[in-house]
Amino acid sequence: MNILWVKSGPLFPLDSGGKKRTHAMLGEISKQHHVTYLALLADGQALHPDEAAAPYAAEKVWLPWRETPKRTWRFYGDLLHGFLFSPYPYALEKYISQPMTDWLASQIRVDRFDLVICDFLHPAPNFLHLDRKVPLILFQHNMEAMIWKRLAESSSNPMSRFYLQDQFRRFSKWEKKLSELFDGIITVSEDDSRYARENYQLENVLGHVATGADANHFAPRKEIGSGDDVIGFLGSMDWLANIRAVEFFVAEAYPVIKRAIPDVRFMIIGRNPPESVCDLAAKDDSITVTGSVEDIRPYLKMCDVMVVPLLAGGGTRIKILEAMAMGVPVVSTTIGAEGLGLESGTELEIADGAGPFAARTAELLVDDGRRRALADAAYTRLLRDNGWKNVADEFLLLCGKVLDPDTR
């Protein structure tokens, strides 16, 4: 089968959950099918050295695109212009590309592909008004509107909350409208599938696939013994939900933990941290901000507990499965762990609110046996349910419902 996979940008470096999921799934799918990968490439952006040789697609097509760097005056000008004059949320408008629209129109018209996958909602506006016969699938790693709703609800700044609420309303409108373009929608959790059906009244939701992790990639696992009292956070630090999570943890939970365990340390692992996050380390020498790292494994192995204090988000968190694969026990909020189906108290600890979150984290740091029990149970669950081959096979099975409608 000839599959066209459409995404907003290159996969390397593998520094976000979405990139890791796509890369791992395409690695499996490409063993069975001919995949063409179509994505935007920002002007002046050099491809990562691993991108060209990576075997996730037989053919890779890069289309020119102008990206405005974040946290620049032009970026804030684009936000203001979009707020005043565009019907789209900014995170959709920035990926509208005439070259991508033209490429899709010309190539799909000639029946070159048997199936087209739009990976994330972001490239979907380029599918508007597309004249096609080939089946289209939207692969939703998140319910985008839900993320912006939660960001607005968790914001304490009135102006920020106003803007985020506006982006939520726009995403709600466009997520429904764009989803209706596709023959099928695949999500990453039953919660997200239910959200799409109930909030958007969509009848084209095919189902969901699990989130995966490669246990062999993280071998050997961490040996849990007398640790160094290191708490870790893993995530893309240019994503607002992660920034908010870290700031909440440092301001409200970490001081409580430090009073109980004075020598505790906190390591923030992830790309492109903003100044506000870097300042956390400048003000407290027990906090380390790594910035971008080529390989997360050495850093994960240093951690005795991984925290996921998310107050907003959608989809599922690959970071939790990576910690499970490394043998690092996890403390998460309910939002952080949603969609994974993990059992609190057995495979991880779930706590909401600064006090309970701090208490669960501190308790784990001083209890080697408890950490070991959680890590072992989580690893067993990972091996059983979260291999990438099983995830890719289930994805293709769901795609088959639009290729053969009688199986729906």
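Per-residue 3J(HN,Hα) values for region 382-395, derived from phi via the Karplus relation 6.51 cos²θ - 1.76 cosθ + 1.60 with θ = phi - 60°, read 4, 4, 6, 10, 10, x, 5, 4, 5, 4, 5, 4, 5, 4 Hz in sequence order (x marks Gly and Pro). Rg and Dmax over the alpha-carbon atoms of region 1-134 stand at 15.6, 47 Å. Taking amide hydrogens as placed 1.01 Å from N in the peptide plane, the amide H of SER189 sits under 5 Å from those of VAL209, each at least 5 positions away in sequence or on another chain. The H on the amide N of SER292, modeled in the peptide plane, is under 5 Å from the matching H of ASN272, each at least 5 residues off or on a different chain.
Provide, in order from the shortest bin, the percent of all Cα-Cα pairs of the chain in each 20 Å bin, continuing until the bin that contains the maximum pair distance. Using 20 Å bins, I get a P(r) of 26, 58, 15, 0 for the chain. Taking amide H atoms as placed 1.01 Å from N in the peptide plane, the amide H of THR333 lies under 5 Å from those of VAL308, LEU310, ALA351, each 5 or more residues away in sequence or on another chain. Karplus-derived 3J(HN,Hα) values for region 266-274, using 6.51 cos²θ - 1.76 cosθ + 1.60 with θ = phi - 60°, are 10, 10, 9, 10, x, 6, 6, x, x Hz; glycine and proline are entered as x.
Where a ≥ b ≥ c are the square roots of the eigenvalues of the C-alpha gyration tensor, would you call region 215-385 rounded, which needs a/c under 1.5, or, failing that, prolate if a/b is larger than b/c, or oblate? Here region 215-385 falls in the rounded category.
Between ASP367 and ARG109, the FRET efficiency estimated from the beta carbon spacing at R0 = 56 angstrom works out to 0.35.
Where a number appears in this text, it was derived from the coordinates with a stated rule and is not lab data. None of the values given here were measured: they were computed from a predicted structure. Every residue, glycine as well, gets a Cβ built from its backbone with ideal geometry; the counts of neighbours run over all protein chains shown.
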